[in-house]
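Take a look at the structure below.
The values are calculated or read from the model by the stated rules, or taken from the named source; none is laboratory data. On a predicted model such as this, the values are computed, not experimentally measured, just so you know. Methodologically, a virtual Cβ is constructed for each residue, glycine included, from the backbone with ideal geometry; neighbour enumeration extends over all protein chains shown. Remember, those area values only see protein heavy atoms, side chains included, never the ligands or the DNA or RNA. Shrake-Rupley method; radii C 1.70, N 1.55, O 1.52, S 1.80 Å.
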Amino acid sequence: MQPLDTRTPAVLLRIDRNPFHHGTLGAVRSLGRAGVEVHLVADDHGSPVQQSRYLHQMHPPPPPGASLPEVAAVLRSVATRVSAPAVLIPMDDISALAISALHEELSSRYLLPGRAGGVAEQVADKATLAQVCARAGVAHPVTLVPESAAEAAGAVALLGAPTVAKWSRPWTLPQGVGLRSTTVIGSAREAEQLFARRAEAGCRLLLQAFVPGVRDADWFVHGCAGPDGTVRGGGTGRKHRSWPRAAGLTVSGEWTANPRLWSTAQRLVASLGYRGVFDLDFRKDAATGDFYLIDFNPRPGAQFRLFADAAGIDVVRALHLGLTHRPVPPPQPSPGRTFVVENYAPLTALRSLPRPRSAVPSPAGELAWHADDDPAPGAALRRLWRRHMGQRLRAGVGRRSQLFLTPLSRRAPAQAPAVLPTPNRERAATDA
């Protein structure tokens, strides 16, 4: 592996509150194993991430709903407490957008990839992503932006059921109100009900044509565009399982070579002049074989460690190498390598992955939380997840008991069960 510049620390920023964000732990381990001093700006006290032996120091994040000046103030404060100008890496969309907007101010204190004006904002906002794809000649599902409940109902009639409903800026969604960034709906009535929650969501509702797929139709591409635009440190992968099903984060994925998809991703990144780490989600149309871009995330996806190649290079290491003016080695792909998130796919984790006995990643695959050279986060995750599931089960029993004791005439209509907290799904749809 090309040695990283251990004199240059890294600062990971995650503004979204999510204690189960395994991508953050992946970045801490990847850089820490290479000898880099890793700082984390996030609300992760009580999270398994803080137990990692590779985490040098945690710092308080900006407050919820922080303004750009507040984010800048926090990052200036952190910069005074690290040993040298650090590589700054966003771990969620809102952090990526804040860093993009503050690029000029932060570039004197941090090492940042070059910024093409407004690109991060264009690709992260799902309303403008369709326009970006059209300019680059990349297939994208037909997307409509209704301006009224009647238009929302009409869009479903035009696109056909099922229809994919998305919030254009999912990082604005309030927590705990049952709004998901992506939902598959089957009727005009559902579209009208979602449209009625626009003010609550804080962004526009999009209705998108559903791309019919078969098993393993969902693909993703990760990479890091260096200063000269060359893409290194990633690859193409298939999503075998997701949570929630069909519209969620990758809980089981496999590195699968796909030259056609890799070429499409490179063409899109080049057309934008994008620099830095990216995570793209595609769906393959079962009828035509075409790949449709579903999401473009301007930051590492939570499953980025799937693409740790035979030389140990992944996207965050490629970024660190590039920003410290060190060469990024030619790729050494490891097709067949897998990645599993244990708390969402425990049986898959138990039966499909070996447990390596060293800090060197297994060529066969990797678990999101467990690592033999860093066992504390996995143990903490298991404790927290058991407690979390116990609380959910007790809450469910309580609701059923209350329903049993309540006279039929006073019972409220049945509601959908509450969902478990997810690792950002972008807040949800892609992690990814």
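Considering ALA72, ALA34, ALA98, which residue is at pLDDT 95 or above, in contact with a strand residue (DSSP E or B) (Cβ under 8 Å, 6 or more places away or on another chain) and of a type in the set (A, V, I, L, M, F, W, C)? Step through it out loud before you land on a result.
Working: ALA72 fails: in contact with a strand residue (DSSP E or B) (Cβ under 8 Å, 6 or more places away or on another chain); ALA34 fails: in contact with a strand residue (DSSP E or B) (Cβ under 8 Å, 6 or more places away or on another chain).
The unique qualifying residue is ALA98.
Checked against the criterion of being closer than 22 Å to GLY248 by Cβ, modelled with pLDDT under 55 and surrounded by fewer than 20 Cβ atoms within 10 Å (Cβ to Cβ), region 393-403 contains not a single residue that satisfies it. Residues in region 148-207 that are open to solvent by 20 Å² or more (accessible area, probe 1.4 Å), under 19 Å from the mean Cα position of the chain (by Cα) and among the polar types (S, T, N, Q): THR172, GLN175, THR183. Can you confirm whether region 82-99 contains a residue that is within 20 Å of GLU37 (Cα to Cα) and without any contact (Cβ under 8 Å) to a residue 40 or more places away in the chain? Taking every residue of region 82-99 in turn, none turns out to be within 20 Å of GLU37 (Cα to Cα) and without any contact (Cβ under 8 Å) to a residue 40 or more places away in the chain. All told, ALA127 falls short of being surrounded by fewer than 15 Cβ atoms within 10 Å (Cβ to Cβ) and assigned to a helix (DSSP H, G or I). Within region 117-124, the presence of at least one residue that is within 25 Å of VAL11 (Cβ to Cβ) and assigned to a loop (DSSP other than H, G, I, E, B) is confirmed. Between GLY23, GLY114, the distinction of being under 21 Å from the mean Cα position of the chain (by Cα) and not hydrophobic (A, V, I, L, M, F, W, C) belongs to GLY23 only. If you take the residues of region 46-74 that are part of a helix (DSSP H, G or I) and in contact (Cβ under 8 Å) with a residue 40 or more places away in the chain, which of them is farthest from VAL36 (Cα to Cα)? So the residue we want is VAL71. Remark: pairs (first residue in region 318-329, touching a residue at least 60 places away in the same chain (Cβ under 8 Å) and surrounded by fewer than 24 Cβ atoms within 10 Å (Cβ to Cβ); second residue in a loop (DSSP other than H, G, I, E, B) and of a type in the set (Ser, Thr, Tyr); Cβ separation under 6 Å; 6+ apart in sequence or on different chains) = THR324/THR8. Of GLY213, GLY248, which residue is surrounded by fewer than 23 Cβ atoms within 10 Å (Cβ to Cβ), within 25 Å of ALA287 (Cβ to Cβ), at pLDDT below 90 and not aliphatic (A, V, I, L, M)? Every option except GLY213 fails the conditions.
Does VAL221 count as at pLDDT 95 or above, outside any loop (DSSP other than H, G, I, E, B), surrounded by 22 or more Cβ atoms within 10 Å (Cβ to Cβ) and in contact with a Ser or Thr (Cβ under 6 Å, 6 or more places away or on another chain)? Yes.
Look at (1) aliphatic (A, V, I, L, M); (2) in contact with a strand residue (DSSP E or B) (Cβ under 9 Å, 6 or more places away or on another chain); (3) under 30 Å from ALA72 (Cα atoms) and you find that ALA116 fails only one, number (2). When SER47 is tested against (1) of a type outside the set (D, E, K, R); (2) open to solvent by less than 10 Å² (accessible area, probe 1.4 Å); (3) modelled with pLDDT of 95 or more; (4) over 23 Å from GLU121 (Cα atoms), exactly one condition is not met: (3).
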